[in-house]
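Presented below is the structure to which this report refers.
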Amino acid sequence: MKLCITCVGKTLDSSVDPRFGRCGNFIFFDTDTGVFTAVENGNAQFPGGAGIQSAQAVIAQGAKAVFTGNIGPNAHRVLSAGGIEVFIGVAGTVQEAIEGYKNGRYTAAERPSVGEKSGMSAG
Amino acid sequence: MIIAIASGKGGTGKTTVAVNLALSLDNVQFLDCDVEEPNAHIFLKSHLSRAESAVIPVPEIDESKCTYCGTCRDVCAYHALAVVPASEGRKGSVLNFPHLCHGCGACRLLCPNGAIREVNKEIGRIEFGARDGMEFIHGRLNIGEAMSPPVIRQVKYYIKPARIVIIDAPPGTSCPVITAVKGSDFCILVTEPTPFGLNDLVLAVEVVRKLNIPCGVVINRADIGDGKVEAYCRSESIPVLMKIPFKREIAAWYSEGIPLVERDAAYRQTFINLYITICGIINETNSCC
Ligand code: SF4
Ligand code: SF4
């Protein structure tokens with residue numbers, strides 16, 4: 001199964017990015033093979049719709065679960081429609097997030113954790 | 001003749017200038033295009049007698065015709081659509097985010113299966129009124145809506161160029177301002193003589209210059225700051241049309257919703273002179289090109 005973790009960097013020891021739509025990178029990790037790829041988030045600078053576009057990218061990659069800090073309503077709606085489980089409040093490194101998932105540490109979020117545009121930095 | 005009153009930021013006295021200019025002239029049509037916070041009617045005490053909806057066409061998807069091809073999502077420049085293809089027994093879906101939609105119609109036009117039709121969505125209200133001989137129109141964006149340009153365009157649809165049209169533009173230097181100011185014969189930029197005022201003025205000047213609209217500056221609270229705004233105007237050959245001093249009573253009247261010219265009749269002549277100066281500049285601009 002393919003997992004998607006929002007990430008500040010591009011390696012398994014970099015930190016989970018707390019933002020979904022405006023995260024730095026997506027790490028796609030295949031639990032069957034242990035292989036991962038890092039994909040830069042090209043949507044981070046969109047003035048609107050970053051979460052929607054990011055959710056579309058996650059679906060296109062075939063991920064089945066998303067691990068991130070917070071998620072807004074639009075992205076949550078798209079991911080849910082794609083049958084993707086969303087795990088929020090995830091922190092630490094990507095590696096820790098993956099292990100946490102394997103140990104059943106997280107429960108999927110039924111609803112968004114933040115309002116729209118909350119991943120936008122000031123200015 | 002169309003005169004827009006703009007300012008790089010809010011709270012500089014833009015509406016004060018627009019309202020007092022309008023009250024000093026005859027045959028005025030006043031368009032309040034500051035649709036996120038239309039407040040000129042408070043000062044003009046115009047009686048609002050009629051209203052209509054401001055709408056944009058947003059897509060509605062007939063999923064029985066849709067193949068989840070994703071074209072509509074790909075053509076939408078505003079990310080207002082998401083398409084999730086069917087997989088593993090789950091049916092596909094098209095998700096619509098109408099508050100991001102600009103009503104451009106691209107998705108409907110380019111859907112290969114004719115699965116999209118347009119439905120009107122109300123995003124604001126246009127209200128019409130009058131005061132003495134003045135015609136008054138303003139737009140008001142509904143709470144929670146973000147798309148002010150269509151509301152502004154709908155207000156401007158009613159422009160009567162044979163009158164003196166005064167447009168109170170929204171503050172700032174982005175899309176809504178451009179929509180409001182575009183097509184004007186002249187733009188008055190209201191500013192304050194402070195570093196912030198200057199900073200925002202410079203940005204506003206860039207915008208009106210791009211639109212090829214002659215402009216001039218009104219300095220409000222003219223005696224509180226420094227001389228940098230005037231120095232800038234001199235170096236850029238932008239006329240300083242008028243200076244309004246900082247006076248406690250002006251601020252007090254403002255907070256009570258009383259226009260300057262109604263309390264201090266001498267100001268009426270000042271605003272008439274402002275208008276005459278603007279006419280002179282417009283005539284000069286026209287004759288040299
Ligand atoms: S373009 Fe038309 S057919 Fe394709 S996904 Fe959009 S609505 Fe469906
Ligand atoms: S009308 Fe334009 S902005 Fe609205 S959803 Fe369709 S393509 Fe996007």
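The values are calculated or read from the model by the stated rules, or taken from the named source; none is laboratory data. Just so it is clear, the model here is predicted, and its values are computed rather than measured. Neighbour counts run over all protein chains shown; Cβ positions are idealised from the backbone, glycine included.
Taking B:Lys160, is it within 30 Å of B:Phe30 (Cβ to Cβ), assigned to a loop (DSSP other than H, G, I, E, B), at pLDDT 95 or above and more than 10 Å from every other protein chain (Cβ to nearest Cβ)? It is true that B:Lys160 is within 30 Å of B:Phe30 (Cβ to Cβ), assigned to a loop (DSSP other than H, G, I, E, B), at pLDDT 95 or above and more than 10 Å from every other protein chain (Cβ to nearest Cβ).
Here B:Arg50 fits the description: of a type in the set (D, E, K, R) and under 21 Å from the mean Cα position of the chain (by Cα). Comparison of B:Ala82, B:Ala86 shows that the only residue that is buried (at least 18 other Cβ atoms within 10 Å of the Cβ), free of Cβ contacts under 8 Å to residues at least 40 places away in the same chain and either away from chain A (no Cβ under 14 Å) or among the aliphatic types (A, V, I, L, M) (or both) is B:Ala82.
When the residues of the stretch B:19-72 are filtered to those that are within 16 Å of ligand 1 (Cβ to nearest atom) and touching a Leu at 6+ places or on another chain (Cβ under 8 Å), which remaining residue is farthest from B:Ile2 (Cα to Cα)?
Going through the qualifying residues, I end up with B:Thr71.
Criterion applied to B:Arg263, B:Arg268 was being of a type in the set (D, E, K, R) and touching a residue at least 60 places away in the same chain (Cβ under 8 Å), and the one residue passing it is B:Arg268.
Going by the structure shown, is B:Pro150 free of Cβ contacts under 8 Å to residues at least 40 places away in the same chain and either touching a helix residue (DSSP H, G or I) at 6+ places or on another chain (Cβ under 6 Å) or within 16 Å of ligand 2 (Cβ to nearest atom) (or both)? Considered against the rule, which asks whether it is free of Cβ contacts under 8 Å to residues at least 40 places away in the same chain and either touching a helix residue (DSSP H, G or I) at 6+ places or on another chain (Cβ under 6 Å) or within 16 Å of ligand 2 (Cβ to nearest atom) (or both), B:Pro150 comes out as no.
Taken as a whole, the stretch B:107-118 holds at least one residue that is within 16 Å of ligand 2 (Cβ to nearest atom) and on the phi > 0 side of the Ramachandran plot. With respect to (1) surrounded by 20 or more Cβ atoms within 10 Å (Cβ to Cβ); (2) near ligand 1 (Cβ under 9 Å from one of its atoms); (3) more than 8 Å from chain A (Cβ to nearest Cβ), the lone exception for B:Val75 is condition (1). Elements of the type strands (runs of 3 or more DSSP E) sitting completely within the stretch B:186-280 and holding at least 1 residues that are over 13 Å from B:Thr16 (Cα atoms) and small (Gly, Ala, Ser): these cover B:215-220. Here's a check for you: in the stretch B:109-129, which residue that is within 16 Å of ligand 1 (Cβ to nearest atom) and in a strand (DSSP E or B) is farthest from B:Glu52 (Cα to Cα)? The residue in question is B:Ile116.
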